[in-house]
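Here is the structure we will look at.
What follows draws every value from the coordinates through simple rules; no lab data is involved. From a predicted model like this one, the values you see are computed outputs, not experimental measurements. Ideal geometry is used to build each Cβ from the backbone, glycine not excepted, and the neighbour counts take in all protein chains shown.
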Amino acid sequence: MISLEQQSDPWLDLARNQLIQALVQYKQKPYLPIWGELFSALREIAKLGERKQENIRIYSVHPSGTLWYVFREKHYLADLPEPGITISLTQEQLIDALLQGSFAPRLPESC
């Protein structure tokens, strides 16, 4: 359905790691203000997608699915194959959903 970027980009990896780290930290300490960190990381991912003119795979969603940035639509997309739905979100909608625990990243067993 959605094409995957061909090469690893250090800036993209940095933005992904910043996003996931902020979500992990928020899960452990929900009183921390992380809205700005999420906004910054997602904005950087969107900029990279626009510059490369590619859809960007952000991360795998727990328990199944994938979170994408779709550059043509300038929206984020949660592709959830288990229930068979795809949800299109603005940046603000995605941040609100992430803060509520939706679309959590699938973490390695060691985390």
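Okay, residues lined up against (1) among the acidic types (D, E); (2) closer than 16 Å to Q93 by Cβ; (3) touching a strand residue (DSSP E or B) at 6+ places or on another chain (Cβ under 6 Å):
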{"position": "K27", "(1), (2), (3)": "no, no, no"}
{"position": "L32", "(1), (2), (3)": "no, no, no"}
{"position": "L42", "(1), (2), (3)": "no, yes, no"}
{"position": "I45", "(1), (2), (3)": "no, yes, yes"}
{"position": "N55", "(1), (2), (3)": "no, no, yes"}
{"position": "G65", "(1), (2), (3)": "no, no, yes"}
{"position": "F71", "(1), (2), (3)": "no, no, no"}
{"position": "K74", "(1), (2), (3)": "no, yes, no"}
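Are there any pairs, at least 6 apart or on different chains, whose C-beta atoms fall under 6 Å, with the first in region 85-105 and more than 17 Å from S40 (Cβ to Cβ) and the second assigned to a strand (DSSP E or B) and of a type in the set (V, I, T), and if so, which?
As it stands, the answer is F103/V61, since those pairs meet every condition given.
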